[in-house]
1. Whole Å is fine, so just give me how far the alpha carbon centre of the stretch 39-75 lies from that of the stretch 125-171.
2. For all pairs of alpha-carbon atoms in the chain, what percent lies in each bin of width 10 Å, listed from the first bin to the last filled one?
3. Cβ neighbours within 10 Å, averaged per peptide: list 146-154, 40-48 in order, most packed at the top.
4. For the chain, what proportion of DSSP beta bridges, expressed in % and rounded to the nearest 5, is antiparallel?
5. Over the chain, what is the mean sequence separation of C-alpha contacts under 8 Å (at least six apart), divided by residue count, expressed as relative contact order in percent?
6. Any chance you could run the full-extension gain for residue 54 through residue 183? It's 0.36 nm times the residue separation minus the Cα-Cα distance, nm to one decimal.
7. If I stretch the segment between residue 117 and residue 272 completely, what's the gain in nm (0.36 nm per residue apart, minus their alpha carbon distance), one decimal?
8. Rounded to the nearest 0.05, what FRET efficiency do residue 138 and residue 72 have when you use their Cβ-Cβ distance and R0 = 22 Å?
Ligand SMILES: Nc1ncnc2c1ncn2[C@@H]1O[C@H](COP(=O)(O)OP(=O)(O)OP(=O)(O)O)[C@@H](O)[C@H]1O
Ligand SMILES: [Mg+2]
C-alpha cells in the first residue's frame, strides 16, 4: 500500500482537485484499489465526492468520518435509570468507509476537526498512521488531501505518508512558498524520523500561452533542487473543472479532453516515480 499526501501551505493551488482526480484515475484507469482520506477541516474533497444530501444523511445516521480516527476519547452516555455509561471509542479497524465508486473509497472529512484541534489529545499525530496500518491489505493507494495551514492534521498526514506530491500554482509568488514548504517537511522528517519522499511537483491552474506560466515553468526547470521533481505535464485552468466539482463530477468523466490528457499523464508520472522509489 502506497500512501501519498497532496500538500502545499498555499491555499487554492488545486491540492483537493488533484487529490480527487488522481485518486479517480488510479481507480478507474489503473484498476487500483484507492482510499481517499480528507483531513482538511474544510472537507472540500468530501464535498466533491458526496452530495450535500448524502453527507448530511451519512453524519445524521452516525456514519463514520475522519473524526473517529482522531477523537479517541470516551463518550459519556447519559442514562435516566442508571449511572452515566462510558462508551468506548470504535476500534480503528471497525471504522466504516464510504464507497464512492468501483475501487474508490472515501473516509469523509468533518468540520468538527476545527474544534478538536483545540482540545488536548496526546499522540494525536500518530493516529492516522495507526489507522492506515489496520487497512493496509485493503488498498493499493491511499491519497490524503491536506489543509493549507500548518496543523496537527497536516503533520499527521505527513507521518502517515510514504510520499508527498506538491501542486503549485503557476505564478511567481507561489514558487517562493515551496522552499519554505520543503524546509518544514525536512524538519518534520527529522523530528519524527520519517521515511518520506517527494513524488514530484505539478504546475496547476496553468494558462499555456501566458508569460506568467512560461516564467514559472522556466524558473523550476532552472532550479537546481526542484527541476528533477517537476512533472512534464501540468493541470490546465478550465472553468468546467470547477463547475463539475459541485456535481461530484471528476475530470475523467467530463468532456474536457485536454484536462483528461493532463490528469492521465500526471497520474502515470506519479506511479512511475513511486515505482522507481519502491
Ligand atoms: N484546473 C482547474 N481549472 C479551473 N479551476 C480549478 C482547477 N483546479 C481547481 N480549480 C478551482 O480552484 C479552486 C481551488 O482549487 P482546490 O480547492 O482544489 O485548491 P486547494 O489547494 O485544495 O485549496 P485549499 O487550500 O483551500 O484547500 C476551487 O474553486 C477549484 O474548483
Ligand atoms: Mg483543498
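Read-outs: derived from the displayed coordinates by stated rules, not from any lab. The structure presented is a predicted model; accordingly, all values stated were derived computationally and were not measured. Glycine also receives a Cβ, built like all others from the backbone with ideal geometry; neighbour counts cover every protein chain displayed.
1. Using only Cα atoms to place each centre, the spacing works out to 17 Å.
2. In order of increasing distance, the bins hold 6, 29, 36, 20, 6, 2, 1, 0 percent.
3. Highest mean packing first, the order is 40-48, 146-154.
4. So the antiparallel bridges in the chain amount to around 20 percent.
5. Values: 476 pairs, mean separation 73.4, N = 278.
After rounding, I find 26 percent.
6. On the way: separation 129, 0.36 × 129 = 46.44 nm, distance 3.96 nm.
Stretched out fully, the residue 54 to residue 183 stretch lengthens by 42.5 nm.
7. Once the chain is fully extended between residue 117 and residue 272, it gains 52.2 nm.
8. Efficiency, rounded to the nearest 0.05: 0.55.
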